Amino acid sequence: MAHRGSFGSKIGVVLAAAGSAVGLGNVWRFPTEVGNNGGAAFILIYLACVLFIGIPVMVSEFVIGRSTHANTIGAFRKLAPKTWWRIGGIEGVFVAFFIFCYYIIVSGWTLHYTVASFANHLTADQDYKVYFQDFVTSPWEPVVYAVVFMLMVHVIIVRGVQNGIERCSKLMMPMLLLIIAVLVICSFSMSGFTEGMSFMLRPDFSKVTTTVVLSAVGQAFYSLSLAMGCLCTYASYFGPDTNLTKTAMSVSLIDTCVAVLCGFIIFPAVFSVPGVEPGEGPGLVFITLPHVFNIAFHNVPLIGYVFSGLFYLLLLLSALTSAISLHEPVTAYLHEEWHLSRHRAACLVTLGCILLGVACSLSMGVWNDFRIFGLCLFDLFDFVSAKIILPLGGIIICLFVGWKLDRQLVYDEVTNRGALRIRFFRLYLFLVRWVAPIAIALIFINELLNS
Ligand code: PFF
């Protein structure tokens with residue numbers, strides 16, 4: 001049996017799991033969803049989703065990981081040997097791998113924009129749409145940045161759980177929070193502050209439809225990194241005294257606060273420039289914002305330079321802490337199940353991801369004509385992993401912990417063998433048995449019908 005690492009401190013546990021959760025989804029996706037779906041009305045629905053679905057599913061993943069101290073596939077096998085429940089573990093490892101392959105491409109873009117921003121390339125008078133298109137369709141530039149990014153992740157992973165993941169989370173998460181604080185303070189002084197805030201915070205319940213509610217559930221899943229084997233693997237490194245419920249609540253709180261604060265940064269900037277559309281999705285970060293930073297600070301270019309540089313650094317750090325949590329489930333699996341050394345396992349994952357990642361990146365440029373079901377490779381990976389496998393994995397986790405696992409085992413894990421007084425255990429079980437799987441099944445059907 002391979003020697004297993006473990007987290008060394010409670011704060012390390014929370015920061016590592018929060019590092020996984022806080023990612024690109026918080027910085028651009030959450031504010032865009034809020035802007036398009038009724039402002040504060042969406043925020044309220046999102047909070048309910050986090051509370052009643054996100055936290056129970058996260059606790060369930062923690063239960064699976066901590067009770068077995070094994071990689072995700074090993075964990076399901078230990079808890080339900082020789083049954084089809086094993087699919088839950090296989091799904092976790094596979095989905096992490098496939099999401100990782102294209103996550104590193106977008107992360108490479110954030111690295112490029114951070115470098116370009118500090119090198120002052122984004123302040124020149126240029127068409128940012130053309131700039132972005134030229135960059136992503138280039139056969140080598142995004143690949144180089146993705147490979148450099150991947151090597152950064154690799155170096156952290158090979159150092160192990162405590163010296164790699166925990167240490168870098170303890171360093172990067174406070175940096176990330178500090179950058180957010182600086183950017184929020186800067187945004188107070190922007191001319192579009194009041195308008196931006198009211199756009200984001202004015203509740204417009206007329207926009208709330210079933211689709212909006214379902215997209216809030218989907219956003220909660222994505223943002224909290226649920227059903228990807230990441231949190232389950234991290235939980236396998238938790239100590240016996242880690243309070244699972246409290247950790248899930250702290251991670252969800254940090255993740256939600258970061259998402260809301262990113263809205264406080266983006267909307268005042270967007271509303272400081274006339275004629276710019278706020279609800280633009282991915283293009284917002286790489287096309288609209290460089291333009292906005294340029295115009296909004298044209299009187300004080302130095303502040304614009306610092307603001308833009310810090311903003312892309314924030315994106316980069318959030319991508320990095322999330323990316324390591326996508327690498328780890330696959331590395332842990334190869335290390336423990338294939339009996340490779342951790343170093344070899346990590347090398348194999350890194351190489352595999354680089355190969356598939358390069359194919360994904362080229363599929364946006366020179367290989368764009370190669371399509372499967374009408375989708376280029378990048379979109380295919382995104383669609384199959386995020387829209388199909390992920391919700392199915394979520395349902396399996398809920399049904400597994402809610403119905404299959406021995407209730408006493410779940411109780412023991414949640415209460416640390418009776419040492420903690422947990423008042424909401426029955427409510428937790430009800431949410432995991434009924435509310436969460438039904439809600440996820442509805443998103444799944446909705447996504448399929450809309451695609
Ligand atoms: N939770 C991350 C975000 O909000 O961007 C995305 C993510 C990270 C998804 C890690 C999956 C994962 F395993």
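The values are calculated or read from the model by the stated rules, or taken from the named source; none is laboratory data. Nothing here was measured: the structure is a model prediction, and the numbers come from that model. Because the Cβ atoms are built from the backbone with ideal geometry, glycine has one as well, and the counts that use them run over all protein chains shown. Calculation scope for accessible area: heavy atoms of the full protein, side chains included, ligands and nucleic acids excluded. Shrake-Rupley method; radii C 1.70, N 1.55, O 1.52, S 1.80 Å.
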Pick from 308, 341, 252: which is polar (S, T, N, Q), out of contact with any strand residue (DSSP E or B) (no Cβ under 7 Å at 6 or more places or on another chain) and surrounded by fewer than 21 Cβ atoms within 10 Å (Cβ to Cβ)?
341
Which residues, taken from segment 301-312, are within 16 Å of the ligand (Cβ to nearest atom) and of a type outside the set (Ser, Thr, Tyr)?
311
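Those residues that are assigned to a loop (DSSP other than H, G, I, E, B) and within 8 Å of the ligand (Cβ to nearest atom), I need them from segment 227-255; list them, please. Show your work before the answer.
Residues of segment 227-255 assigned to a loop (DSSP other than H, G, I, E, B): 227-229, 236-243.
Selection gives 228, 229.
For segment 79-124, enumerate the residues that are among the small types (Gly, Ala, Ser) and either within 13 Å of the ligand (Cβ to nearest atom) or surrounded by fewer than 22 Cβ atoms within 10 Å (Cβ to Cβ) (or both). Show your work before the answer.
Initial filter on segment 79-124 (among the small types (Gly, Ala, Ser)): 80, 88-89, 92, 96, 107-108, 116-117, 119, 124.
80, 92, 96, 107, 116, 119, 124, listed by residue number.
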Total residues in segment 316-341, condition more than 10 Å from the ligand (Cβ to nearest atom) and not β-branched (Val, Ile, Thr)
13
Options 215, 206: the member that is part of a helix (DSSP H, G or I), open to solvent by 10 Å² or more (accessible area, probe 1.4 Å) and within 16 Å of the ligand (Cβ to nearest atom)
215
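Would you mind finding the one in 434, 367 that is modelled with pLDDT of 95 or more and among the aromatic types (Phe, Trp, Tyr)? Steps first, answer last, please.
Details: 367 fails: modelled with pLDDT of 95 or more.
Unique residue meeting the criteria: 434.
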Give 400, 444 a once-over and let me know the one that is crowded, with 19+ Cβ neighbours inside 10 Å and at pLDDT below 90.
444
Which residues, taken from segment 417-441, are more than 25 Å from the chain's Cα centre (by Cα) and buried (at least 16 other Cβ atoms within 10 Å of the Cβ)?
422, 429
Condition (residue is modelled with pLDDT under 95 and touching a Gly at 6+ places or on another chain (Cβ under 9 Å)) applied to segment 16-28: is it met by at least one residue?
yes
Cβ-Cβ below 7 Å, separation at least six or inter-chain, first residue in segment 87-107 and without any contact (Cβ under 8 Å) to a residue 40 or more places away in the chain and over 16 Å from residue 224 (Cα atoms), second part of a helix (DSSP H, G or I) and more than 10 Å from the ligand (Cβ to nearest atom): which pairs?
90/73
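Which residues, taken from segment 125-158, are assigned to a loop (DSSP other than H, G, I, E, B), polar (S, T, N, Q) and open to solvent by 50 Å² or more (accessible area, probe 1.4 Å)?
To start, the set of residues in segment 125-158 that are assigned to a loop (DSSP other than H, G, I, E, B) comprises 125-127, 138-140.
Next, from what is left, pick out any that are polar (S, T, N, Q): 126, 138.
Selection gives 126 alone.
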The condition of being assigned to a helix (DSSP H, G or I), free of Cβ contacts under 8 Å to residues at least 24 places away in the same chain and out of contact with any Phe, Trp or Tyr (no Cβ under 7 Å at 6 or more places or on another chain) holds, among 292, 258, only for 292
Against the definition (open to solvent by less than 20 Å² (accessible area, probe 1.4 Å), assigned to a loop (DSSP other than H, G, I, E, B) and among the hydrophobic types (A, V, I, L, M, F, W, C)), how does residue 70 come out, yes or no?
yes
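Identify, please: which residue in segment 1-15 is of a type outside the set (A, V, I, L, M, F, W, C) and touching a Gly at 6+ places or on another chain (Cβ under 8 Å) and is, among those, nearest to the ligand (Cβ to nearest atom)?
Among those residues, the one meeting the criterion is 5.
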Determine which single condition residue 166 fails, assuming it passes every other condition in (1) charged (D, E, K, R); (2) at pLDDT 95 or above; (3) open to solvent by 70 Å² or more (accessible area, probe 1.4 Å).
(3)
What number of residues in segment 262-279 are surrounded by fewer than 19 Cβ atoms within 10 Å (Cβ to Cβ) and either among the acidic types (Asp, Glu) or modelled with pLDDT of 85 or more (or both)?
1
